Amino acid sequence: MFIGHFASLKNPRIERKKLHPLMDILVLTVCAIASGAEGWLGIADFGKEKLEWLRHFVPPKERCPLS
């Protein structure tokens, strides 16, 4: 449902600067903010602490914002 809702969202980033898929960033950010994270450092900390749980929603990749 989440991915379907945001599937039509345009990605405004420059192609050569995309390190992570937009959907991975959105899943991480929404989950972190809903859990009380504040700011980008809080989101990063949440991602590190909840990595295994988040991988239920975002499959592991070689390099993703969840690692």
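Observations on the structure shown:
- Selection count where residues are at pLDDT 80 or above, within 16 Å of His20 (Cα to Cα) and either open to solvent by less than 90 Å² (accessible area, probe 1.4 Å) or among the β-branched types (Val, Ile, Thr) (or both), scope the range 38-65: 6
- Contacts under 7 angstrom Cβ, first residue in the range 37-48 being closer than 12 Å to Ile25 by Cα, partner assigned to a helix (DSSP H, G or I) and open to solvent by less than 100 Å² (accessible area, probe 1.4 Å), 6 or more apart: Ile43/Leu28; Ile43/Thr29; Ile43/Ala32; Gly47/Leu28; Gly47/Ala32; Gly47/Leu54
- Those residues of the range 14-32 which are surrounded by fewer than 16 Cβ atoms within 10 Å (Cβ to Cβ) and either of a type in the set (Gly, Ala, Ser) or over 10 Å from the mean Cα position of the chain (by Cα) (or both), in sequence order: Ile14, Glu15, Arg16, Lys17, Lys18, Leu19
- Within the option set Ser8, Ser35, being surrounded by fewer than 14 Cβ atoms within 10 Å (Cβ to Cβ) and at pLDDT below 90 holds for one residue only, Ser8.
The values are calculated or read from the model by the stated rules, or taken from the named source; none is laboratory data. Only a predicted model underlies this, so the values are computations on that prediction, with no experimental measurement involved. Please note: Cβ atoms are built from the backbone with ideal geometry, for glycine as well, and neighbour counts cover all protein chains shown. For accessibility, only protein heavy atoms count, side chains too; no ligands or nucleic acids. Shrake-Rupley method; radii C 1.70, N 1.55, O 1.52, S 1.80 Å.
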